[in-house]
Amino acid sequence: MSSYQLTFILGIAFLCALVGGTTQPASTRRPPVTTARPTARPTARPTARSCPLFPEVCSRGSPKVCGRTPRGECQRFENICHLMLANVLRLPEGVRHTRDIECRNVRGDGPAHRRPCFNPCPARPVVCKRSPPSQNICVRSRNGRQCKVLANTCQLRNQNCHSQPRNNWLRTDRRRCGQLQLGDKPQECIRVPVRTSPRTTRRPRSTPSPRSTTTTTARSV
């Protein structure tokens, strides 16, 4: 190897060592980012318009809905808001939203068209389980004239599905059956007195009579 090549190699090695000692690797740390805190905006107090009682979905074009009472009767309402209002006012009490198919027997809107909810009947009568006499129920006909005693709701469904006329019996107050027992023929329903709260009559306030004023007259001398 000639002296020229040896000097060239040593020079390159010296330059590499010099460059490697003076340059430092770039740091991977990111400078801290300072974010300004957002100023808290004053929250507006809720008003009657911002907190409505019913959802804002009711309009003239809202679809009709079906409501079901605890007695198994169904009624059509103009929209969901009318049904919620009826639930709050308890007209009727305990009404809740249900499937539209259960209002299949209902022809119009309002309480005047309330009918027993539609329930698809089985092809054959169901074999009902035995129940104690304490679970017997009293049912009335649709016109409210005849009443009879049934064993349970299973037997009531068999009566409405497989007897003529169909859907003719509704559950009612046990007192309307009187002394009827399970297996007796339907008889006229007993009238149950309706409890009315005693009315408080307010007496008209008597106007106080004007006090009699005594006048004294001086005698003439």
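Spin-label model, D109/V126: points 7 Å from Cα along the beta carbon direction are separated by 3.4 nm.
For K129, the lysines whose Cα comes closer than 27 Å to its Cα, not counting residues fewer than 8 places off in the same chain, are K148, K185.
Comparing Cα centroids, the range 124-170 and the range 65-90 end up 25 angstrom apart. In terms of its Cα atoms, the range 65-116 spans 25, 21, 20 Å along the principal axes, sorted from long to short.
No value in this document is a laboratory result; all are computed from the given coordinates. Keep in mind the model is a prediction, meaning the values are calculated, not measured. A quick note on method: Cβ atoms are made from the backbone with ideal geometry, for glycine too, and the neighbour counts reach across all protein chains shown.
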